[in-house]
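In what follows, a structure is listed as structure tokens, so that the remarks can point back to it.
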Amino acid sequence: MERIVRPKLEDIPNLSSYKETFDDYNVECDAGSREWQSSGTIYNLLKSEVKKISESHCSFCDGYPLNDTSKETIEHYYPKAEYKHKTYEWDNLYFCCDKCQSFSNSHKPFQVTLKPDDEHYHFENHFWFDAEDGFVKLLDETDQNARIFLERYGINKRPEKIIARRKRYNELLKLHIGKSNEQIVEDRLFEAQRYIYDIAMKVLGLQVKA
């Protein structure tokens, strides 16, 4: 649930030479002569780059590290079954845990929602964390894009995740007293839900971001 800054494809050394290839693949996918391949050199390159820009966190639930709790996957924001011409479109690909992907695949029909790499997307603009029950809640009940986001990725539908949020929030209130700002910023990178970390540090009156 962290905002992602996505570089342009042509600015990524490992992928820039594939731009025309991806364009061709999208045409072939749209025509039905090619399908998405979840293995191989191109898939691994794409996964490596989307993982890098999300700092190894799931782009949707902010889960980390994925190998401990989930498989690493690539999520198509616009489902590849319905939007075949976007199958290999760089802006349509996100590093994702298999839990979020599973919820997304079952959320029908497809509805446009928030995108983590939108310029104006920030957790605090749409959501707040209720430490009492562990739920992520809407800042504005009329914010349909945010509502669909929570539903599409099952953010409040995993009991183990909800319990873990509450537990971690309470742990953080005790762990970071007396730590330097540099250590707080560094620790944040390894949190499973960075938005909870931010809220806990704010309650403690500590600066979170450099």
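So how much slack lies between N14 and T41, counting 0.36 nm per residue of separation and subtracting their Cα-Cα distance, in nm?
Working: separation 27, 0.36 × 27 = 9.72 nm, distance 1.11 nm.
Going from the current span to full extension adds 8.6 nm.
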**OP:** Considering the convex hull of the alpha carbon atoms of region 39-196, report its projected area averaged over all viewing directions, in nm², one decimal.
**Re:** 10.3 nm²
Original post:
Helix 19-31 versus the longest principal axis of the chain: what is the Cα-based angle in degrees, 0 to 90, to the nearest 10?
Top reply: 70 degrees
Subject >> Accessible area expressed per residue, region 31-81, with surrounding protein chains retained (probe 1.4 Å, Å²) >> reply: 49 Å²
Original post:
So which GluC sites (Glu not before Pro) in region 1-103 end up in coil per DSSP with only 16 or fewer other C-beta atoms within 10 Å?
Top reply: E35, E55, E82
**OP:** Using +1 at the Cβ of each Lys and Arg and -1 at the Cβ of each Asp and Glu in the chain, identify which of M201, F123, W90 lies farthest towards the dipole's positive end.
**Re:** M201
Original post:
How much length is gained on full extension from D23 to K71, taking 0.36 nm per residue of separation minus their Cα-Cα distance?
Top reply: 14.5 nm
Subject >> region 80-105-region 145-164 distance, computed between alpha-carbon centres (Å) >> reply: 18 Å
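Rounded to the nearest 0.05, what FRET efficiency do F110 and E132 have when you use their Cβ-Cβ distance and R0 = 35 Å? Don't jump to the answer; show the numbers that get you there.
Details: r = 33 Å, r/R0 = 0.94.
For F110 and E132, the calculated efficiency is 0.60.
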Subject >> Entries in K80/K202; K108/K137; K8/K71; K108/K174; K99/K179 that, when Cα-Cα distance is taken, lie over 32 Å >> reply: K80/K202; K108/K174; K99/K179
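Report, to the nearest whole %, how much of the accessible area of region 82-210 belongs to carbon and sulfur atoms, 1.4 Å probe, protein only. Intermediate values should be presented prior to the final figure.
Numbers: 3620 of 6860 Å².
That fraction is 53 percent.
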Original post:
In debye, nearest 20: dipole of region 1-109 around its Cα centre with unit charges on the Cβ of K, R (+) and D, E (-)?
Top reply: 220 debye
Original post:
Which residue fluctuates the most in the chain, going by a Gaussian network model with Cα springs under 10 Å, if the choices are K80, K167, K179?
Top reply: K179
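The values are calculated or read from the model by the stated rules, or taken from the named source; none is laboratory data. Here the structure is a predicted model, which is why all the values come from computation and not from measurement. Ideal geometry is used to build each Cβ from the backbone, glycine not excepted, and the neighbour counts take in all protein chains shown. Quick note on the areas: whole protein, heavy atoms, side chains included, nothing else; ligands and nucleic acids left out. Shrake-Rupley method; radii C 1.70, N 1.55, O 1.52, S 1.80 Å.
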